[in-house]
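Here the structure comes first, spelled out in structure tokens, and everything after it is commentary.
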Amino acid sequence: YLKISKLALAFAIIHSKPLGKSCKEYTEHLAKTVSEQDFGWKLKVEALEAEVLRLRQELLLNKICPRFCLENDAPAETLLDQECINPVSYSSQLEDSGCDMSNDYAFDSLGTASDFHQSEHGNTSKRWLEKVPPLNLCCTSKEESLTAPVQFLQHLLEIRKLSEGGILQADFTELENDSFTICNSVSRLLDGLTVFYNSPKFPVSNFLTEAVCVLIGLITDTKLSNHVLKKCFKKLEEFKKNLIQIILRNSNVNRFQELHAVSHTLVLLGRNNVLRNSLISLLLSEIHQFAEQLLQAHQIQAMYDITQYENIFPLCMILEQLLQNETEESNVSSADYDGEEKIKFLTNLDQIILHLSDEFPLFSLYLWRLSVLLNSAQIQ
């Protein structure tokens, strides 16, 4: 039947092709016309789905707290603290080079993000949540897809904050009846962030920083995170894996801004207790796998991917930052994250460092420092 259908279609194209066009050209023209029609329908469907989700978000907010939705036309400053976060600034960076970095966003010699040099080690996600400013809806096309989920999730966090303070009465049992809306919003937020980090535009707007902070605040909130983690944990894991692969596979000549933007987001995610352990395991696995590949290439004098070698260092800096936080916070045990990945990483690590130290001294030094942090956490 399929062969007969293809033959019939071929005869129809041959008999209907206009003069002056070959069968191949006419077939390509027809295929392009059909694909454009399909693309138009897909855009319409996506727009309708987005509108349905927005209406579901409004309905859920109204069920949880009708008063909040009625008074939501009031300035957002009345609901949130006036204090604002200091987002990552790229104003001093040259877009054509990507090498110059502002002091607010540089990693120091220990791979520690400067904006995390704080005297206290409290719940940083909660502190960021309290400082999230009102959303700026004047955003670029890539950010437009993030507007609805960010707004919805931020409103949920605002209601939680105000209800805990006794300002509003809220019924969060409605989330049990409509978990689809919050999970779909989180999923769309993660997809939008992934699209941005795959091809970011500089300077990065404050809106993207706010979106990441809202995501972290949602996961940190115990009452809201339960609904998210039940159905979105795999999506969150996929998001972290995507960010790691974006770093490893980036081969742009001037890619340093992009690498540091993604690294900054991973460090923010890793400072959340819920996401930290799995992120450490992912980083251990990637770095160990690359170290073994590099050792094998070195032993047989084969070519290795110099771009991936350069890109592995941001992952080392992120992992070092997270492991330092592990050892500094006495209430967090190193045994919480995947012990199997830790054992794999430390297995034959001394031999790997020994063989690579002459040819790759910087990478070997990082491997040694990471092993020291892992062993010191185990001793503690």
* Determine if the range 249-259 includes at least one residue that is under 10 Å from the mean Cα position of the chain (by Cα) and not assigned by the TED database to the domain that holds HIS288. => no
* Can you tell me which residue within the range 244-267, out of those that are in contact with a strand residue (DSSP E or B) (Cβ under 9 Å, 6 or more places away or on another chain) and open to solvent by 10 Å² or more (accessible area, probe 1.4 Å), is modelled with the lowest pLDDT? => HIS260
* **Residues satisfying the stated conditions in the range 339-361, i.e. modelled with pLDDT of 90 or more, open to solvent by 90 Å² or more (accessible area, probe 1.4 Å) and of a type in the set (A, V, I, L, M, F, W, C)** => LEU354
* To do: Quick one: ILE182 ticks every box in (1) assigned to a loop (DSSP other than H, G, I, E, B); (2) over 16 Å from the mean Cα position of the chain (by Cα) except a single one, so which number is it?
  => (1)
* Asked: Out of the range 169-186, which residues are open to solvent by 10 Å² or more (accessible area, probe 1.4 Å) and in contact with a Lys or Arg (Cβ under 9 Å, 6 or more places away or on another chain)?
  -> GLN169, ALA170, ASP171, PHE172, GLU174, ASN177, ASP178, SER179, PHE180, CYS183, ASN184
* How about the range 268-294: which of its residues are open to solvent by 30 Å² or more (accessible area, probe 1.4 Å) and either under 16 Å from TYR309 (Cα atoms) or of a type in the set (A, V, I, L, M) (or both)? -> VAL274, LEU282, SER285, GLU286, GLN289, GLU292, GLN293
* Asked: Can you tell me which residue in the range 1-18 is nearest to THR33 (Cα to Cα), limited to those that are among the β-branched types (Val, Ile, Thr) and touching a helix residue (DSSP H, G or I) at 6+ places or on another chain (Cβ under 9 Å)?
  -> ILE13
* Asked: So which helices (runs of 4 or more DSSP H) are wholly in the range 1-118 and hold at least 1 residues that are at pLDDT 85 or above?
  -> 2-16, 23-64
* Structure fact -> Being modelled with pLDDT under 90, open to solvent by 40 Å² or more (accessible area, probe 1.4 Å) and either within 14 Å of the chain's Cα centre (by Cα) or farther than 30 Å from TYR304 by Cα (or both) narrows LYS230, LYS241 down to just LYS230
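The values are calculated or read from the model by the stated rules, or taken from the named source; none is laboratory data. The structure displayed is predicted, hence computed values, not measured ones. Please note: Cβ atoms are built from the backbone with ideal geometry, for glycine as well, and neighbour counts cover all protein chains shown. Each accessible area value is taken on the protein alone, full model and side chains, heavy atoms only, with ligands, DNA and RNA left out. Shrake-Rupley method; radii C 1.70, N 1.55, O 1.52, S 1.80 Å.
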